[in-house]
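Every read-out reported here was derived from the displayed coordinates using simple, explicitly stated rules and does not represent laboratory data. Remember, predicted model here, so these are calculated numbers, not experimental data. Reconstructed Cβ throughout: ideal geometry from the backbone, glycine too, with neighbour counts over all protein chains shown.
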């Protein structure tokens, strides 16, 4: 099913991911999209709240049923698609911050949007995955909560005008369809290569990675096949799996 062939619109919900997960559990098809005008309990990674006021942002989720071995690259495909959609619909160039942030170009401390992937498993069988995309659209600086004002941005703040939300959604779903098609066809390195090109810290940049066994500081050498990070440290090049990474702190080269 083509992504976006069926779009369900809601004025208000707890979160579009919650709605999409409920629909997927009831057997709704891959490619179905849920869009809301407001989220009362929007969330990002690790359960962090996502500021989702009425009419200010894009709150959208898509149901996927990918091969389990491709699951780890779905957030990267979504990030690349969102970056391209913002460029095509708003003329806005953005960067990507591993693993799920969309940032203002050249301003890594200014977050424009994010990706949230949530999956349901039955034993070792992947039932479905829901990918949520949240993008700040019409906020003025004062529309953000006080603790977000120094580190958030919106399309309106960066371009000086509110975006055409319908066009943005159209471009986003088209680019998601394209990149997900590559993922299903096994062209995973194409996705990783494109993501690397758009990262705030490209290969050669310095970063500190916090993981379950401690922390490592070194030079970023590229993305691993599972979306993890290859890091050149004083002790040699280390491959850090995406699942074990808890935080990444960046420094410009």
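Counting C-alpha atoms alone, how compact is the range 206-251: give Rg to one decimal and Dmax as a whole number, in angstrom.
Expressed in Å, the Cα Rg and Dmax of the range 206-251 come to 9.2, 24.
Running a GNM on the chain with Cα contacts under 10 Å, which residue among 82, 230, 104 ends up with the highest mean-square fluctuation?
Residue with maximal mean-square fluctuation among 82, 230, 104: 230.
For q = 0.14 Å⁻¹, what log10 I(q)/I(0) does the chain give under the Debye formula with an equal point scatterer on each alpha carbon and no solvent?
-0.94
May I ask you to derive the relative contact order of the chain, considering only C-alpha pairs under 8 Å and at least 6 residues apart, and to give it as an integer percent?
16 percent
When DSSP beta bridges are limited to those with both residues in the chain, what percentage is antiparallel, rounded to the nearest 5?
90 percent
With springs only between Cα atoms under 10 Å, which of 179, 98, 121 fluctuates most in a Gaussian network model of the chain?
Per the Cα network of the chain with a 10 Å cutoff, 121 tops the list.
Roughly how many nanometres apart are two label points built 7 Å out from the Cα toward the Cβ at residue 167 and residue 87?
With each label point 7 Å from Cα toward Cβ, the separation is 1.7 nm.
Arrange the peptides 208-214, 85-91 so that the one whose residues have, on average, the most other Cβ atoms within 10 Å appears first.
Ranking, from highest mean packing down: 85-91, 208-214.
Work out how much length residue 22 to residue 120 would gain on full extension: take 0.36 nm times their residue separation and subtract the Cα-Cα distance, in nm to one decimal.
The residue 22-residue 120 span can extend by a further 34.2 nm.
I'd like the distance between the alpha-carbon centres of the range 80-151 and the range 165-197, rounded to an integer number of Å.
14 Å
Can you tell me what the convex hull of the Cα atoms of the range 142-200 projects to on average, as an area in nm²?
Result: 5.9 nm².
Figure the gain on full extension for residue 237 and residue 208 (residue separation times 0.36 nm, minus the Cα-Cα span) and round it to one decimal in nm.
9.1 nm
Given a Förster distance of 25 angstrom, what is the FRET efficiency for residue 185 paired with residue 5, based on the Cβ-Cβ distance and rounded to 0.05?
After rounding to 0.05, the efficiency reads 0.85.
Multiply the residue separation of residue 65 and residue 46 by 0.36 nm, subtract the distance between their alpha-carbon atoms, and state the gained length in nm to one decimal.
4.6 nm
Could you work out which residue, out of 193, 45, 122, moves most in a Gaussian network model of the chain, that is, has the largest mean-square fluctuation with Cα springs under 10 Å?
122
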